[in-house]
Amino acid sequence: MGKKKNNKKVLKQMRREYKEEKKFLDTELSVNHSIDLFDDSDFIIDDDVLNFKDIKGFDVENLNLSIFDDLLENMQEVGANKDELETAEVGIALLHALQLKEGPERLRALEELANKHVNNFDAQWYYLLDSREQFTYQTVESYKLFTDMIIQKLDEVGIPSWNHPITSQYLDALTFVLTVYFEEGLLNLALEVIHFLEEYSFEKGAPAYLPYLIASVYCSTYQPESVIEMYMKKLSKNVFDAGLNLYSVIASLMMGNSESAHALFDDLVREDPVFASSLGNPHWFMNVIHYDPEGTEGESENSLAYVLNPLALFLADKEVLINQLTEMYLEFEERQPKKSQDRRGSGTQESDIDVLLDLLPQNAHKDLLHLLSEPSYEGLQFDKKRILFDAGLRSFKDFAKKTEKEVLALRGIGPVTVRQLKENGVVFRKR
């Protein structure tokens, strides 16, 4: 039960984004792309009935579908071929089904459509999306057939890409299948999907979490060397990915290569110290376990919880690995030189504040003193104070103008920091 609750958060996020960004009646969303439901140039339709080119992103539930039935009749009259008629028929039937309230009736309508049109991408896609919560191992065969269909269609197009107007929906669907397999523990099937999908995981337009999902599958199937290869591939493009770096640290520890793990970790704290600092909190893993993308809108895609959430169940059984990551960060902090030293040779040791003030321009003194003395910042790490200060949250009054979700949306600010702010007496705006 716990597995389903935690792992399907990634799936819910993907499904939410898909529904928002790829409405069914988008001009790029039909199986047979020889026909466009929004292009009326080939059909005899009265302008007073419908102007297809002006319809985009409308409310499907309140749409009068009789106009689409008229379209089908016109297609038959002008002699549209069998494939074109089937494409239009499936599209209109899907619209009728999607007008139904989510529940058994709508699911039955989508199932009947999927059974009637077994080779139709949209019919299968929407049925699997709607039936996700009723997943059983008896439906695995449907997912496998759907995967084969997607790969065949990608081969037909010949140039798969997240930016391609046709193939992007197919790659989205493969990501959906991968997430379902991973969530349900069907790791061998997940690896089969990754074999095809990994090539496109770094492409612009791909879901930001996809590389971390793939890395989680590799860790869960004890293939840490594949994680290292992913990280090195990204690094070869002169792109540092803090999330994949951390997965590579974990992979190195799994391989028993402590030297490599520490070298990679040093790269992490040097390149993204804010991201790495989260490991200094001994309770960081609880934030990973309880991460909820729906409850933390705008959470930075480089945050520790976002990156490691797919691997949460795997790590939960490996306390020694969790502790080792924390120890690596604490060891790094201990190696840092102390700021409080006698720099003038006068025999009088300066305070940390005096040293910092000497290093700053005159006009920055006031800002530093505020960071160190502001009551709402009490107990926060210096980097957290800096983030809040730069965001204009410099007093109790400033915080009162923001909701908790808006503060959590700041990169580097997580639930632990918000909890400390509340303990300091901060009251956020309700909505």
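Quick rundown of the values:
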{"item": "Search result, residues across region 115-148 that are open to solvent by 20 Å² or more (accessible area, probe 1.4 Å), closer than 21 Å to V90 by Cα and in a helix (DSSP H, G or I)", "result": "N115, K116, Q124, Y126, Y127, D130, S142, L145, D148"}
{"item": "Among the candidates L421, L393, residue that is at pLDDT 90 or above, in a helix (DSSP H, G or I) and either within 24 Å of Y306 (Cβ to Cβ) or of a type in the set (K, R) (or both)", "result": "L421"}
{"item": "Qualifying residue in region 309-316 (condition: open to solvent by 30 Å² or more (accessible area, probe 1.4 Å), in contact (Cβ under 8 Å) with a residue 12 or more places away in the chain, polar (S, T, N, Q) and part of a helix (DSSP H, G or I))", "result": "no"}
{"item": "Residue ID - farthest from the chain's Cα centre (by Cα), chosen from residues in region 399-426 that are among the acidic types (D, E) and over 17 Å from R386 (Cα atoms)", "result": "E423"}
{"item": "Every residue from region 370-409 that is under 15 Å from R429 (Cα atoms) and either among the charged types (D, E, K, R) or out of contact with any helix residue (DSSP H, G or I) (no Cβ under 8 Å at 6 or more places or on another chain) (or both)", "result": "K397, D398, A400, K401, K402, T403, E404, K405, E406, A409"}
{"item": "Qualifying residue in region 100-114 (condition: at pLDDT below 85, out of contact with any Lys or Arg (no Cβ under 9 Å at 6 or more places or on another chain) and assigned to a helix (DSSP H, G or I))", "result": "no"}
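Conditions tested, residue by residue: (1) basic (K, R); (2) open to solvent by less than 30 Å² (accessible area, probe 1.4 Å); (3) in contact with a Ser or Thr (Cβ under 7 Å, 6 or more places away or on another chain).
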position	(1), (2), (3)
N188	no, no, no
E192	no, no, no
K204	yes, no, no
A208	no, no, no
T221	no, no, no
V227	no, yes, yes
M230	no, yes, no
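The values are calculated or read from the model by the stated rules, or taken from the named source; none is laboratory data. In this text, all values refer to a predicted model and were calculated from it rather than measured experimentally. With ideal geometry, Cβ positions are generated from the backbone for all residues, glycine too; neighbour counts draw on all protein chains shown. Note: accessible area is taken over every heavy atom of the protein model, side chains too, but ligands, DNA and RNA are not part of it. Shrake-Rupley method; radii C 1.70, N 1.55, O 1.52, S 1.80 Å.
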